[in-house]
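Taking it in order: structure first as structure tokens, then the write-up.
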Amino acid sequence: MGRYDADAFAADLGVQFDAADNLRVGVALLNLGPPIKFIEQADPLPATLQGGILRTFDPLWGNRFNLRADVEAPLQGRLRLHGGLEDWLGDGFALRAGYLLDNNQSLSGFSAGFGVRIIQDGLVFSFDYAFRPVYYDGFGSFEAQHLFGVLLGF
């Protein structure tokens with residue numbers, strides 16, 4: 001019996017800048033590289049062009065509200081639109097809601113979650129959680145995804 005491996009390399013390129021007060025814009029090319037080859041079959045990487053815009057509001061003292069919109073254009077797939085709201089209550093707690101609009105005629109696009117951030121002595125610890133319901137055939141079949149993220153920055 002032989003051993004089979006597949007290797008490839010990829011690069012992501014992006015830029016983000018402040019377009020105006022409280023307005024940020026970004027563009028990225030993701031998964032750029034040669035196809036990955038396994039035995040005799042070569043498959044292209046999922047190269048994607050993404051762009052987004054963020055508008056920040058400060059409605060109350062100590063409160064920051066972010067409104068986001070992104071477009072995701074896979075080079076071999078369908079266009080998808082993302083929208084989201086984020087409300088930071090002070091510097092340590094965020095409430096989030098979002099929606100993914102694509103062409104699959106499903107109600108699975110909604111997500112909601114929260115984030116907790118602690119900053120101390122130059123270290124940043126954050127914990128993020130998101131709940132994403134997944135519906136099939138309208139409301140006939142339901143599953144849920146629970147997504148977690150932990151970050152330690154220094």
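Numbers at a glance
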item	result
5 angstrom amide H check on LEU45, placed H, neighbours 5+ away	ILE36
Rounded FRET efficiency, nearest 0.05, which uses the C-beta distance separating PHE9 from PHE57 and R0 of 35 Å	0.30
By average C-beta atoms within 10 angstrom, highest first, the peptides 93-101, 72-80	93-101, 72-80
Evaluated at q = 0.09 Å⁻¹: base-10 log I(q)/I(0), Debye formula over Cα of the chain	-0.43
Rounded to the nearest 20 debye, dipole of the chain from Cβ charges on Lys, Arg, Asp, Glu	140
Spacing of the two label points (7 Å from each Cα toward its C-beta) at ALA73 and ILE39, in nm	3.7
The chain - accessible surface per residue (Å², probe 1.4 Å)	73
At R0 = 22 Å, FRET efficiency that the Cβ-Cβ distance of LEU32 and LEU101 yields, to 0.05	0.30
Residue-span extension gain [ASP21 to PHE142] - 0.36 nm each, minus C-alpha spacing	39.4 nm
Accessible surface of the chain, 1.4 Å probe, proportion on carbon and sulfur as whole %	60
Rounded to whole Hz, the Karplus (6.51, -1.76, 1.60) HN-Hα couplings of segment 29-41, x for glycine and proline	10, 10, 6, 8, x, x, x, 8, 10, 10, 6, 10, 9
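The values are calculated or read from the model by the stated rules, or taken from the named source; none is laboratory data. As the structure is a prediction and not an experimental result, all values here were calculated from the model. Here the Cβ is made from the backbone with ideal geometry for all residues, glycine too, and neighbour counts use every protein chain on show. Heads up: the accessible areas ignore ligands, DNA and RNA and are worked out on the full protein's heavy atoms, side chains in. Shrake-Rupley method; radii C 1.70, N 1.55, O 1.52, S 1.80 Å.
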